[in-house]
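Chemist: The structure is given below, and queries will be raised subsequently.
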Amino acid sequence: MKENLYKYILGIADNSLILGQRMGALTGHGPSLETDIACTNISLDLFGQVRSYYQYAAKIAGDKRTEDDIAMLRQEREYLNVLLVEQPDTDFAYTMARQFLFDVYHFLFLTELQKSTDLTLSAIANKSIKEVSYHQRFSSDWIKRLGDGTEESHKRMQTAINDLWTYTDELFHQTDADKAMISEGIGVDVSKLKEAYYKKVSDILEESTLEVPESKYFQKGGKQGIHTEHMGYILAELQYMQRAYPNMEW
């Protein structure tokens, strides 16, 4: 159980770590000052959640690793985030589409994680869901604003949704650690979130005058540590300070 719980925590936390790193890259590059600050705050929220998860993971591991070691010193194949969160900031439409597609899942997931028999995970979920509720509202508003905006903004947002859609199904794949934690009453059965997820996403897209992609071909691998070509570049930047100056602390 100890090993499965450790991997289960990483599977949750790594999503927020990598998405937080992606959003943090927008600092100073947002389309307006208000939006720039909002994106930075979302990144900080995600990193705050990550820290709680990694502190717990370090405690579970019990091998003297710290939260910093777990966050910064793993190899690429040891990160268990979904492929969606590592996709690049091609333009602002891609950034908001990626955020939106993850936020809807994240809110549904945390809603269920609050019911976990693991009191630490339940407490983290209870605290985080307030932040994620705002994240979902923020990204949903931008989907509507760009989707139902100008001809150009509509085209860009539709392209972003079409391209990122292929990564959504992986959100509902179960790993061996997931299955073990579900049987213990600790984990969330993500397969049960799928219907509600696609309904919520479809409703927002329809309201935004955007088409729901019909593609049935989906990418997967992130939950098994098999990532896209973007992941190495993310980690090179994320891990630079810790590897250049070992034993630095957050």
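The values are calculated or read from the model by the stated rules, or taken from the named source; none is laboratory data. Remember, it's a predicted structure, so these values are computed and weren't measured experimentally. Because the Cβ atoms are built from the backbone with ideal geometry, glycine has one as well, and the counts that use them run over all protein chains shown. Surface areas here come from the heavy atoms of the whole protein model, side chains and all, with no ligands, DNA or RNA. Shrake-Rupley method; radii C 1.70, N 1.55, O 1.52, S 1.80 Å.
Chemist: On the accessible surface of the chain, probed at 1.4 Å, how many percent belong to carbon and sulfur atoms?
Modeler: 51
Chemist: Could you tell me how far the Cα centroid of the range 17-49 sits from the Cα centroid of the range 215-235, in Å?
Modeler: Computed from Cα coordinates, the inter-centre distance equals 22 Å.
Chemist: Let me ask something additional. Which parts of the range 89-113 would a label at Arg145 reach, counting a residue when its backbone N lies under 13 Å from a point 7 Å out along Cα-to-Cβ?
Modeler: Residues 92-93, 96-97 fall inside that zone.
Chemist: Still on this structure: Step through the residues of the range 91-105 one at a time and calculate ³J(HN,Hα) from phi using the Karplus curve (6.51 cos²θ - 1.76 cosθ + 1.60, θ = phi - 60°), rounding each to whole Hz and writing x for Gly and Pro.
Modeler: 7, 5, 5, 5, 4, 6, 5, 4, 5, 4, 5, 7, 4, 4, 5
Chemist: Compute the acute angle (0 to 90°) between the alpha-carbon long axis of helix 2-24 and the principal axis of greatest extent of the alpha-carbon atoms of the chain; round to the nearest 10°.
Modeler: Orientation of helix 2-24: about 40 degrees from the principal axis.
Chemist: Quick one: the Cα spread of the chain along its three principal axes, in angstroms, biggest first?
Modeler: 55, 42, 31
Chemist: Let me ask another. What spacing in nm lies between the two simple spin-label points modelled at Gln75 and Val212, each 7 Å away from Cα in the Cβ direction?
Modeler: Simple spin-label model gives 4.2 nm for this pair.
Chemist: While we're on this one: Which order do the peptides 170-181, 25-36, 145-156 take when ranked by the mean count of other beta-carbon atoms within 10 Å per residue, highest first?
Modeler: 170-181, 145-156, 25-36
Chemist: Report the convex hull volume per residue for the range 76-206, counting only C-alpha atoms, in Å³.
Modeler: Here the figure is 106 Å³ per residue.
Chemist: Once the Cβ-Cβ distance between Glu3 and His173 is put in as r, and R0 is 25 Å, what FRET efficiency do you end up with, to the nearest 0.05?
Modeler: 0.80
Chemist: Here's another thing I want to ask about it. Would you mind checking the tilt of helix 151-164 against the longest principal axis of the Cα atoms of the chain, expressed as 0 to 90 degrees and rounded to 10?
Modeler: With both axes taken from Cα atoms, the answer is about 30 degrees.
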